[in-house]
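For reference, the structure is listed below as structure tokens.
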Amino acid sequence: MTVTAATELTERESALLASVPTGLLINGQWRSAASGKTFSVEDPSTGNVLLEIADAGAEDGAAALDAAVAVQEEWAATAPRVRAEILRRAFDMVTARAEDFALLMTLEMGKPLAEARGEVAYGAEFLRWFSEEAVRSFGRYSTNPEGTAQILVQKKPVGPCLLITPWNFPLAMATRKIAPAIAAGCTMVLKPANLTPLTSHLFAQVMIEAGLPAGVLNVVSTTTAGQVTGPLIQDTRLRKLSFTGSTPVGRRLLADASTNVLRTSMELGGNAPFLVFEDADIEAAVDGAMAAKLRNMGEACTAANRFLVHESVADEFATKFAAKMGAMTTGRGTDPATKLGPLIDGKSRDKVHSLVTDALADGARAITGGAHAEGPGYFYQPTVLQGVEPGSRILSEEIFGPVAPIVTFKNEDEAVALANDTEYGLVAYVFTKDHNRGLRMANRIETGMMGLNAGVISNAAAPFGGVKQSGMGREGSIEGIAEYQYTQYIGFPNPNNA
Ligand SMILES: NC(=O)c1ccc[n+]([C@@H]2O[C@H](COP(=O)([O-])OP(=O)(O)OC[C@H]3O[C@@H](n4cnc5c(N)ncnc54)[C@H](O)[C@@H]3O)[C@@H](O)[C@H]2O)c1
Ligand SMILES: O=CCCC(=O)O
């Protein structure tokens, strides 16, 4: 592994940062926080401050919700085609500015530019997908079984929403909520993660330029999330909370949301098992493992967290996987040679390292990596651990870093038991040449999503989400818009009998 040198900001990077709105977006205007406070956004490759942005307080949160509530009725009455065309324009604009979005994401989050470009394409796709869904929201009309009455069913927007997003996919996690909310006719307050708010700010500006009316989307970045969102969740005018983030925070927000019986969507943490059967194509499994483990430096809810490998192929898989992991070039994401960026901050890196040291203390062996990388920034060596004992802490907690613990199994039943031995159920990966076995695993593993001989399966057209403590609700696909709608039934006497 090599770490490339950290660099100062280039002229282009400085110019891009200078174009990012630094205020709070409330009722179509970027403004300072009522307190006048700001906070710093850092480059995780260097620890340098990139930009100071407004730090919202409770008063700003309230103003944002006031703005969303004020325009909800008018926005809900907007023709679906109008909403669709705003989304479609936004898709075109984000796509035209893909390089700006990618660079900004790389600067604030650290992912290599090539991956950031991938996220721009992925994130933009939610805008296109939901521009197409906005005009295809159908109800139904039927007669009751007795023939005495008619049943009319329509879909309506749930109303003002609070959207809370994490730092790891700064564009896609925002568009995956904002686009269906717009398509359904909801207004919203977005609270982006304070570690990576800049992409959301640039995106919100694009939404304004695409013609989104003032007040429909409001953005409150803050370092005091609970103080800003807590009162909103207790406000009876709020109708929906959509949260993407960790399970502990989601659990707490769910409890808070119970006061007003708020509609909730929860996209929470994962602990994905990656199963390699004895009949798998090992080269394909290693490639899949690289993608499932190292996408976003392992900082993805979908990241493979536990590698469960049949004992007869475990050594071959581990050796080939470790060789590829060890050959990764780590560095600042803007360097074209970089394949792996830094972790988001020192706290995250320390957590990753403590999981590794605990596993080593429990008897595991690091066959590559196992330590911090030297130099500035929060880099961690890509690491493969063999001989990890079932029950180790690293198998029960989200690693959120480039570390792959390998556990062996003897047969299918044992593989399923290991895979299901977690409170999470977001995604699982299965590598086998036996299609029936693959589908059997889908039946037996408790998971919202499964990659069959595939290490990355995220797609705007697919329903993304988990079971167990990975959350509830689905984002993307035809299910995604339903999270922002409620079903209304209107009953009346059958006119034939009048
Ligand atoms: N299932 C998914 O789709 C998905 C996608 C991305 C990330 N994640 C999960 O997110 C986690 C990583 O993201 P993170 O570190 O930003 O998670 P986090 O839970 O710490 O924070 C997520 C968001 O919640 C906010 N927040 C934190 N405490 C809050 C509070 N008390 N009240 C209101 N808001 C609060 C944060 O500021 C941030 O905006 C991982 O667990 C990952 O698996 C899940
Ligand atoms: O971090 C989790 C989200 C990843 C994805 O949408 O593919």
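The values are calculated or read from the model by the stated rules, or taken from the named source; none is laboratory data. Computed from a predicted structure; not experimentally measured. Here the Cβ is made from the backbone with ideal geometry for all residues, glycine too, and neighbour counts use every protein chain on show. Surface accessibility is based on the protein's heavy atoms, side chains included, excluding ligands, DNA and RNA. Shrake-Rupley method; radii C 1.70, N 1.55, O 1.52, S 1.80 Å.
Condition check ((1) more than 28 Å from residue 343 (Cα to Cα); (2) open to solvent by less than 10 Å² (accessible area, probe 1.4 Å); (3) within 16 Å of ligand 1 (Cβ to nearest atom)) across all residues:
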site	(1), (2), (3)
141	yes, no, no
152	yes, no, no
159	yes, yes, no
163	no, yes, yes
170	no, yes, yes
183	yes, yes, no
186	yes, yes, no
192	no, yes, yes
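Just checking, does segment 307-320 include any residue being within 16 Å of ligand 1 (Cβ to nearest atom), touching a helix residue (DSSP H, G or I) at 6+ places or on another chain (Cβ under 8 Å) and not assigned by TED's automatic domain parsing to the domain that holds residue 43? Among the residues of segment 307-320, not one is within 16 Å of ligand 1 (Cβ to nearest atom), touching a helix residue (DSSP H, G or I) at 6+ places or on another chain (Cβ under 8 Å) and not assigned by TED's automatic domain parsing to the domain that holds residue 43, which makes the answer no.
Just a yes or no: is a residue in segment 403-421 without any contact (Cβ under 8 Å) to a residue 12 or more places away in the chain, under 24 Å from residue 324 (Cβ atoms) and open to solvent by 50 Å² or more (accessible area, probe 1.4 Å)? Checked against the condition, which is being without any contact (Cβ under 8 Å) to a residue 12 or more places away in the chain, under 24 Å from residue 324 (Cβ atoms) and open to solvent by 50 Å² or more (accessible area, probe 1.4 Å), segment 403-421 yields no hits at all.
Of everything listed in (1) within 16 Å of ligand 2 (Cβ to nearest atom); (2) in contact with a Lys or Arg (Cβ under 8 Å, 6 or more places away or on another chain); (3) assigned to a loop (DSSP other than H, G, I, E, B), the single unmet condition for residue 123 is (3). Only one residue in 49, 20, 41 is exposed (fewer than 14 other Cβ atoms within 10 Å of the Cβ) and either of a type in the set (Val, Ile, Thr) or assigned by TED's automatic domain parsing to the domain that holds residue 299 (or both), so which one is that? It is 49. Summed over segment 146-197, residues that are farther than 18 Å from residue 215 by Cβ, more than 16 Å from ligand 2 (Cβ to nearest atom) and either outside any strand (DSSP E or B) or not assigned by TED's automatic domain parsing to the domain that holds residue 83 (or both) total 5. Counting the residues of segment 441-470 that are assigned to a helix (DSSP H, G or I) and without any contact (Cβ under 8 Å) to a residue 24 or more places away in the chain gives 2. If I filter segment 75-99 down to residues being without any contact (Cβ under 8 Å) to a residue 24 or more places away in the chain and assigned to a helix (DSSP H, G or I), which single residue comes out as nearest to residue 180 (Cα to Cα)? Filtering first and then ranking leaves 82. Here's a check for you: in segment 207-221, which residue that is of a type outside the set (Gly, Ala, Ser) and part of a loop (DSSP other than H, G, I, E, B) is most open to solvent (accessible area, probe 1.4 Å)? So, considering only residues that are of a type outside the set (Gly, Ala, Ser) and part of a loop (DSSP other than H, G, I, E, B), the one most open to solvent (accessible area, probe 1.4 Å) is 213. Taken together, the criteria place residue 374 among residues that are in contact (Cβ under 8 Å) with a residue 24 or more places away in the chain, among the charged types (D, E, K, R), away from ligand 1 (no atom under 16 Å from the Cβ) and open to solvent by 60 Å² or more (accessible area, probe 1.4 Å). For segment 280-293, the set of residues classified as open to solvent by less than 10 Å² (accessible area, probe 1.4 Å) and within 19 Å of the chain's Cα centre (by Cα) consists of 292, 293, listed by residue number. Quick one: which of 88, 83 is at pLDDT 95 or above, open to solvent by less than 20 Å² (accessible area, probe 1.4 Å) and of a type in the set (D, E, K, R)? Within the list 88, 83, the selection yields 83. For segment 76-98, which residues satisfy the criterion of being out of contact with any Asp or Glu (no Cβ under 8 Å at 6 or more places or on another chain), more than 23 Å from residue 116 (Cβ to Cβ) and not charged (D, E, K, R)? Across segment 76-98, the qualifying residues are 76, 77, 78, 79, 80, 82, 86. Hydrophobic (A, V, I, L, M, F, W, C) and either within 29 Å of residue 473 (Cα to Cα) or in a strand (DSSP E or B) (or both): does that describe residue 321? When the stated conditions are applied, residue 321 does not pass them. Taken over segment 244-279, the criterion of being open to solvent by 10 Å² or more (accessible area, probe 1.4 Å) and among the hydrophobic types (A, V, I, L, M, F, W, C) is satisfied by 249, 253, 254, 255, 261, 262, 268. Here is the figure for segment 237-272: residues that are more than 11 Å from ligand 1 (Cβ to nearest atom), over 16 Å from residue 187 (Cα atoms) and among the β-branched types (Val, Ile, Thr) total 2. Identify all residues within segment 319-365 that are out of contact with any Gly (no Cβ under 9 Å at 6 or more places or on another chain), open to solvent by 50 Å² or more (accessible area, probe 1.4 Å) and within 17 Å of residue 404 (Cβ to Cβ); write none if there are none. The answer is 319, 320, 323, 324, 327, 358. Taking segment 302-318 as the search range and keeping residues that are of a type in the set (A, V, I, L, M) and outside any helix (DSSP H, G or I), which one is surrounded by the fewest Cβ atoms within 10 Å (Cβ to Cβ)? Across segment 302-318, the extreme among qualifying residues is 313.
Checking each residue in segment 439-498 for being under 20 Å from residue 87 (Cα atoms), more than 14 Å from ligand 2 (Cβ to nearest atom) and either buried (at least 16 other Cβ atoms within 10 Å of the Cβ) or outside the structural domain of residue 75 (by TED's automatic domain parsing) (or both) picks out 481, 482, 483, 484, 485.
When restricted to residues that are open to solvent by 50 Å² or more (accessible area, probe 1.4 Å) and under 14 Å from residue 351 (Cα atoms), segment 382-399 contains 3.
Of all residues in segment 22-70, those being over 22 Å from residue 217 (Cβ atoms) and not hydroxyl-bearing (Ser, Thr, Tyr) number 10. Of all residues in segment 222-267, exactly one satisfies the criterion of being touching a Gly at 6+ places or on another chain (Cβ under 7 Å), assigned to a loop (DSSP other than H, G, I, E, B) and within 16 Å of ligand 2 (Cβ to nearest atom), namely 246.
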